[in-house]
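Each remark here refers to the structure printed beneath this line.
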Amino acid sequence: MNKYMIYLNGKRCIGCHGCEVHCKANKNLPVGPQLCEIDHSVMVKIKSVPKTEFTFRSCYHCEEPFCAPICPTNAMIKREDGIVYIDQEKCIGCMACAGACPWTIPQLNPETGKAVKCDYCMDRVDAGLRPACVTKCTTHALKFVIMQEVV
């Protein structure tokens with residue numbers, strides 16, 4: 001079973017937030033929910049010169065997701081390839097998944113009243129493509145990889 005992950009090369013990221021924009025556009029999300037984000041709050045000093053380091057945050061698609069067993073309608077599903085997604089037909093928007101997630105990843109879509117989270121654009125992955133955030137990264141700082149290849 002492949003376990004995918006999105007890897008950020010911090011040396012290439014310029015913090016443009018293009019990944020966030022393309023993610024929202026691909027998922028047709030309203031203002032509010034954000035399925036991925038670039039955080040530039042990490043400051044380091046390199047040879048006494050301050051430098052901002054960026055981190056990429058989205059769903060971690062846990063090996064044993066805390067969000068799945070707590071869902072009262074079994075809307076949170078883990079595929080054989082490790083992708084964890086929300087079945088929008090089953091989701092009732094109770095947000096128990098967000099409460100169970102240590103990183104509070106699932107968010108409420110105010111337009112649908114249902115939970116949303118990163119699913120690695122699984123429709124694109126199934127078609128042999130990369131997630132929208134990775135495809136549209138202008139500096140190619142994001143990579144969609146099989147975890148076994150990275151480790």
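The values are calculated or read from the model by the stated rules, or taken from the named source; none is laboratory data. Predicted model, so just to flag it, every value in this text is computed and none were measured. In this analysis, Cβ positions are derived from the backbone assuming ideal geometry, glycine residues included, and neighbour counts consider all displayed protein chains.
Observations
- Taking first residues from segment 85-97 that are of a type outside the set (S, T, N, Q) and partners that are surrounded by fewer than 17 Cβ atoms within 10 Å (Cβ to Cβ) and modelled with pLDDT under 95, no Cβ contact under 8 Å between residues at least 6 apart in sequence or on separate chains turns up.
- Exclusive hit being exposed (fewer than 13 other Cβ atoms within 10 Å of the Cβ), in a loop (DSSP other than H, G, I, E, B) and not polar (S, T, N, Q), set Gly82, Gly99, Gly128: Gly128
- The residues of segment 20-38 that are assigned to a loop (DSSP other than H, G, I, E, B) and over 15 Å from Arg57 (Cβ atoms), listed by number, are Asn28, Leu29, Pro30, Val31, Gly32.
- Qualifying residue in segment 39-56 (condition: assigned to a strand (DSSP E or B), at pLDDT 90 or above, under 25 Å from Asp126 (Cα atoms) and over 14 Å from the mean Cα position of the chain (by Cα)): no
- So Cys59, is it closer than 24 Å to Asp87 by Cβ and touching a residue at least 60 places away in the same chain (Cβ under 8 Å): yes
- Segment 1-38: number of residues that are at pLDDT 90 or above, among the charged types (D, E, K, R) and either in contact with a helix residue (DSSP H, G or I) (Cβ under 9 Å, 6 or more places away or on another chain) or closer than 15 Å to Cys121 by Cβ (or both): 4
- In segment 1-19, the residues that are more than 18 Å from Pro106 (Cβ to Cβ) and not in a loop (DSSP other than H, G, I, E, B): Tyr4, Met5, Tyr7, Leu8, Gly18, Cys19
- Residue within segment 64-75 that is of a type in the set (Val, Ile, Thr), at pLDDT 90 or above and not in a strand (DSSP E or B) present: yes
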